[in-house]
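K.L.:
The structure under discussion is supplied below as structure tokens; questions concerning it will follow.
Just so it is clear, none of the values below were taken in a lab; they were calculated from the coordinates. What you are looking at is a predicted structure, and each value in this text was computed from that prediction instead of being measured. Don't worry about glycine lacking a Cβ; one is built from the backbone with ideal geometry, like all the others, and counts go over all protein chains shown.
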Amino acid sequence: MSLTIKESPRGEYKLTSPGTHLAICYLMADLGIQETPFGPKPQVYMGFELPNNLIDRGGKAVPESIGAFYTMSMHEKSNLRHMLEAWRGKPFSDEEIAQGVRLASVVGKACLVTVIHKQTQAGRTRARISAVTGVPAGMPVPAMFNKPVLFDRDTGKGLESLPEFLQRLLRPEPTGAPDAFDSGRSGRSIDDADIPF
């Protein structure tokens with residue numbers, strides 16, 4: 001056995017092409033309080049599979065996936081509220097907001113996502129979701145490929161089903177600091193290096 005080790009090459013991720021794509025929401029994760037450029041905010045991550053954008057993974061054709069972070073707020077100016085209203089095609093009433101909006105209800109639902117390419121401060125090109133809208137009536141939607149993934153911080157169930165970059169974000173840093181999972185705050189900022197696309 002050799003005791004020589006070389007750094008494994010970093011996997012190459014295919015950027016989702018710019019434009020509008022058919023998508024199905026397959027992942028919803030409550031990330032708790034995360035550091036953002038605007039200070040600590042409660043965050044949710046939504047993952048979408050793109051059934052018409054197939055890639056080869058170990059000899060098997062699987063749909064590409066893309067996701068987005070949103071601040072968990074239904075304020076009238078929040079990005080999450082605007083996205084959900086565009087997706088469903090109508091605004092939320094005051095009564096609906098007062099009763100609470102179940103984010104988990106969109107898992108398994110189809111939509112159209114508009115993807116743009118943006119340069120990060122580090123000079124990397126990233127694919128970003130710029131808009132989510134409803135699917136036109138009559139447009140065929142295939143069955144969802146991925147198993148639905150829901151992570152609720154209140155129960156802790158589903159953590160092992162999340163992509164590795166989200167698990168790293170949710171697990172505490174091994175520094176002897178307070179347990180981030182229990183405190184609802186990871187102490188880490190959401191960084192481009194954490195997102196594998």
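K.L.:
Which peptide among 149-158, 22-31, 162-171 comes first, and what is the full order, when sorted by highest mean count of other Cβ atoms within 10 Å?
P.N.:
Details: 149-158: 14.2, 22-31: 23.4, 162-171: 17.2.
My ranking of the peptides, most packed first, is 22-31, 162-171, 149-158.
K.L.:
Return Phe48, Phe38, Phe145 ranked ascending by Cβ neighbour count within 10 Å, so the fewest neighbours appear first.
P.N.:
Phe38, Phe145, Phe48
K.L.:
Within straight cross-link reach of Lys14, meaning Cα distance under 20 Å, which lysines are found once same-chain residues fewer than 8 apart are removed?
P.N.:
Lys60, Lys118
K.L.:
Would you kindly state how much longer the chain becomes between Thr133 and Asp152 on full extension, computed as 0.36 nm times their sequence separation minus their alpha carbon distance, in nm to one decimal?
P.N.:
4.3 nm
K.L.:
Tell me the net charge near Ile116. Cut-off is 14 Å between Cβ atoms, Ile116 excluded, with +1 for each Lys or Arg and -1 for each Asp or Glu.
P.N.:
That sum, taken over residues with Cβ under 14 Å, equals +3.
K.L.:
Would you calculate the separation in nanometres between label points at Thr114 and Lys14, each defined as 7 Å from the Cα along the Cα-to-beta-carbon direction?
P.N.:
Label-label distance for Thr114 and Lys14, simple model: 2.5 nm.
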